[in-house]
1. Condition first: touching a residue at least 24 places away in the same chain (Cβ under 8 Å), more than 15 Å from the chain's Cα centre (by Cα) and within 14 Å of another protein chain (Cβ to nearest Cβ). Can you find one or more residues in segment B:164-174 that meet it?
2. Inspect all residues belonging to segment B:211-225 and state whether any of them is modelled with pLDDT under 95, more than 19 Å from the chain's Cα centre (by Cα) and of a type in the set (S, T, Y).
3. Looking only at residues that are charged (D, E, K, R), within 21 Å of B:Q112 (Cα to Cα) and surrounded by fewer than 17 Cβ atoms within 10 Å (Cβ to Cβ) in segment A:20-50, which one is nearest to the other protein chains (Cβ to nearest Cβ)?
4. Quick one: would you say B:K80 is of a type in the set (K, R) and not in a loop (DSSP other than H, G, I, E, B)?
5. Test of understanding: among B:S90, B:S74, B:S40, which residue is among the hydroxyl-bearing types (S, T, Y) and in contact (Cβ under 8 Å) with a residue 40 or more places away in the chain?
6. Would you mind finding the one in B:G136, B:G159 that is over 15 Å from the mean Cα position of the chain (by Cα), within 14 Å of chain A (Cβ to nearest Cβ) and in contact (Cβ under 8 Å) with a residue 40 or more places away in the chain?
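The values are calculated or read from the model by the stated rules, or taken from the named source; none is laboratory data. Being a predicted model, the structure only gives us computed values, none of them experimental. Neighbour counts are summed over all protein chains in view; Cβ atoms, including those assigned to glycine, are modelled from backbone coordinates with ideal geometry.
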Amino acid sequence: MDQQLFDRFKKCAVDVLAVDAGKVLLEAKFKEDLGSDSLDLVEFVMALEEEFGISVPESDLEGVDTVGKAFDLVTSKVS
Amino acid sequence: MSRVVLITGGSKGIGLACAQHFANLGDKVAITYNNTKPTSDFFAVRCDVTSQAEVDAAFAAVEEKFGTVQVLVSNAGVTKDLLLLRMNESDFTSVIDANLTGAYRVCKRATQGMLRARSGRIILMSSVVGLLGSAGQANYAASKSGLVGLARSLARELGSRSITVNVVAPGPVETDMTAALTDEQRAKMIDAVPLGRTATPQEIAGVVAFLASADAAYITGAVIPVDGGLGMGH
């Protein structure tokens, strides 16, 4: 895992989802563990798009319910 | 109160009255205009709401000047009255594009800042004809009733962030839009109003300001008629 990339990703999560950095673990579920609702996630995706200069269509977001899956998605778009 | 208030279509009529009302309350008021250059000294940005790029640029200018928009009054609108059989597709779609899609564009842009702030007020300017219908105004009436569905959906989407979205539905108001009517049309219209007169733009502005006030914090998704009773029951 690219730690530098994850740190940027984590900073977005902390800023947008208003959660402690320590909670942003790969296995954490957005809804259950981080208490994020659908609007939070939309804002999070938009923040990631801006941070990484990527574009994430709605169709890519299906089934992305954990930090790890979201980070994989970002990684696949960046590289 | 010194909130940042943005009013689209603020150079005349209802929009201008809203700008003056908020300014009197001590708010920082910005207006957009398109065809009518403002004669007031409000911070004014030219913006055609049929262009997302112009909407984005207008918001950027207002944010630069005052900060994040806290109260949005989506008021810019046009008419192109024709009976259906004489109304071509572009007569229809151009009115929808300005009045309904235009509201979507400004709401979308305003919401960015309001979500971050976890608060905001959005007021959409509809019309009694959106609920009553109006012969010769199928395009305008469709756009104005469309605002109700837009507002109520946004009220549901944004409620958890303390953002309220409401609709004001004026009846006949003394503005350029009604000045274009013939005397006969005007008399007929006023005849149908229980209060027997048109509204002043200030009477609409007062209700808009109320919806933006602390007293209206628990009102969202509402359609407030300010129509002298014309639209009762709709």
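1. no
2. Initially, segment B:211-225 is screened for residues modelled with pLDDT under 95, giving none.
No, every residue in segment B:211-225 fails to be modelled with pLDDT under 95, more than 19 Å from the chain's Cα centre (by Cα) and of a type in the set (S, T, Y).
3. Here is the first cut: in segment A:20-50, the residues charged (D, E, K, R) are A:20, A:23, A:27, A:29, A:31-33, A:37, A:40, A:43, A:49-50.
Now restrict to residues that are within 21 Å of B:Q112 (Cα to Cα): A:37, A:40, A:43, A:49-50.
Narrowing the set further to residues that are surrounded by fewer than 17 Cβ atoms within 10 Å (Cβ to Cβ) leaves A:37, A:49-50.
Numbers: A:D37: 7, A:E49: 13, A:E50: 11 Å.
Across segment A:20-50, the extreme among qualifying residues is A:D37.
4. Numbers: of a type in the set (K, R): yes; not in a loop (DSSP other than H, G, I, E, B): no.
In short, no.
5. Working: B:S90 fails: in contact (Cβ under 8 Å) with a residue 40 or more places away in the chain; B:S40 fails: in contact (Cβ under 8 Å) with a residue 40 or more places away in the chain.
Sole residue among the options that is among the hydroxyl-bearing types (S, T, Y) and in contact (Cβ under 8 Å) with a residue 40 or more places away in the chain: B:S74.
6. On the way: B:G136 fails: within 14 Å of chain A (Cβ to nearest Cβ).
After applying the criteria, what remains is B:G159.
Residue-wise test of (1) under 25 Å from B:L6 (Cβ atoms); (2) modelled with pLDDT under 95; (3) touching a helix residue (DSSP H, G or I) at 6+ places or on another chain (Cβ under 6 Å).
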{"position": "B:A141", "(1), (2), (3)": "no, no, yes"}
{"position": "B:R161", "(1), (2), (3)": "yes, no, yes"}
{"position": "B:A169", "(1), (2), (3)": "yes, no, no"}
{"position": "B:A180", "(1), (2), (3)": "no, yes, no"}
{"position": "B:I190", "(1), (2), (3)": "no, yes, no"}
{"position": "B:L195", "(1), (2), (3)": "no, no, no"}
{"position": "B:P201", "(1), (2), (3)": "yes, no, yes"}
{"position": "B:A209", "(1), (2), (3)": "yes, no, yes"}
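Conditions (1) under 16 Å from the mean Cα position of the chain (by Cα); (2) surrounded by fewer than 23 Cβ atoms within 10 Å (Cβ to Cβ); (3) within 14 Å of chain A (Cβ to nearest Cβ); (4) of a type in the set (A, V, I, L, M, F, W, C), marked per residue:
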position: B:V69; (1), (2), (3), (4): yes, no, no, yes
position: B:L84; (1), (2), (3), (4): no, yes, no, yes
position: B:F92; (1), (2), (3), (4): no, yes, no, yes
position: B:G102; (1), (2), (3), (4): yes, no, no, no
position: B:K108; (1), (2), (3), (4): yes, yes, yes, no
position: B:R116; (1), (2), (3), (4): no, yes, yes, no
position: B:R121; (1), (2), (3), (4): yes, no, no, no
